[in-house]
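Structure first, commentary second.
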Amino acid sequence: MAATSPLAITPQRTLDLLRAANDHKAQRLFFELYPANDSVWMGPPLMDGLVVPGQTIHARDKYAKHLEWLAAGKTYRERCAMFANRCGKTFSLGGYELSAHLTGLYPDWWEGRRFRSAIAAWAAGDTYETTRDIIQLTLLGKVTSRGGRKVMDGRGMIPGYLLGRNTWRSGVQDLVDTILVKHVSGGNSSLGLKSYDQSRTSFQGTGRHVIWFDEEAPMDVYNEALIRTATVNGITMLTFTPLKGMSDVVMSFMPADQRPPDDAPPV
């Protein structure tokens, strides 16, 4: 009787291979962004439909303002992207740049700030819930179960195969507290997820190379976090729509000739 070939592909094996290929693609979105020419996303849906199969990923030369902001990180330690809604602030600016710094995977066209070794970073939103539902989803993907353990699925901006062990924040369902990210230098970067709800004192502590604020932070929180970057020559990034009007944070990033006079009535 003829022996069964070890290379025989069963329907189940075929399904397993397709799932593995799909997962491989899903964990590499970072490498697909800012292409030289328009391309099409051929992977599965990601980030609750923000990225869908067949979606056009436009060439980077169509994003002049985005590229200008990314490049400015080489010169400026503090940057703010005050854009309208749905302009890619979280996804293609804050999320993309933080992923590059955490991993050291800078594209060949990159002109901005570079960190040559693993970094310590924070990403913060206005509440724990928005930090989980927006920042965590953008960077790490969704919560799933693997081997009986609750983990992130790695279908976010940070390539999933580079995610290391994480801890969970107590008192908030499915919110990562800290997570390790493999850096090309061989070390591990650390990322902490925070919220303005924690108040200014929670942003005290040791130095941070990168701090990303998605949504406008209170001025006292921002100033406290800024101090954390001073000792390591780190950077801060803010991405938000200025819904609070001419706040102190907004005013601090506006050119002097565009600020309202001191005696102007409040808006």
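No value in this document is a laboratory result; all are computed from the given coordinates. As the structure is a computational prediction, the values presented were derived from the model and not from experiment. Note that each Cβ is placed from the backbone with ideal geometry, even for glycine, and that neighbours are counted across all protein chains shown.
Worth a mention:
- Farthest towards the positive end of the charge dipole of the chain, among the residues LEU226, GLN27, GLY192, is the Cα of GLN27, using unit charges on the Cβ of Lys, Arg, Asp and Glu.
- Relative contact order (percent, whole number), region 161-267, Cα cutoff 8 Å, 6+ residue spacing: 17 percent
- Tilt relative to the chain, helix 11-26 - C-alpha long axis, 0 to 90 degrees, to 10: 20 degrees
- For region 170-267, the dipole from Cβ point charges (+1 on Lys and Arg, -1 on Asp and Glu) about the Cα centre works out to 440 debye, to the nearest 20.
- Expressed in units of 2.2 N^0.38 Å, where N is the residue count, the Cα radius of gyration of region 109-239 is 1.03.
- Diffusion coefficient of the chain by Stokes-Einstein, Kirkwood radius over Cα pairs, 20 °C, 1.002 mPa s: 107 µm²/s.
- Percentage relative contact order, the chain, counting C-alpha pairs under 8 Å, at least six apart: 19 percent
- Placing unit charges on the Cβ atoms of the charged side chains and taking the dipole of region 22-253 about its Cα centre, the candidate lying farthest along the positive direction among THR241, ALA217, VAL52 is VAL52.
- Region 41-184, relative contact order [Cα under 8 Å, separation at least 6], %: 20 percent
- A helix-only calculation puts the chain at -6000 deg cm²/dmol for mean residue ellipticity at 222 nm, using -39500 (n - 2.57) for each DSSP H run of at least four residues, averaged over all residues.
- Rounded to the nearest 20, the Cβ-based charge dipole of the chain about its Cα centre (Lys and Arg +1, Asp and Glu -1) stands at 1040 debye.
- Between ASP220 and ASP174, the distance separating the two model label sites (each 7 Å from Cα on the Cα→Cβ line) works out to 3.3 nm.
- Radius of gyration over Kirkwood radius for region 37-112, both on Cα atoms: the Rg/Rh ratio is 0.97.
- Each Lys or Arg adds one and each Asp or Glu takes one away; over the other residues whose Cβ falls under 10 Å from the Cβ of ASN37, this sums to -1.
- Placing unit charges on the Cβ atoms of the charged side chains and taking the dipole of the chain about its Cα centre, the candidate lying farthest along the positive direction among CYS80, VAL176, THR90 is VAL176.
- Region 163-213: projected area of the alpha-carbon convex hull, averaged over directions, in nm²: 4.4 nm²
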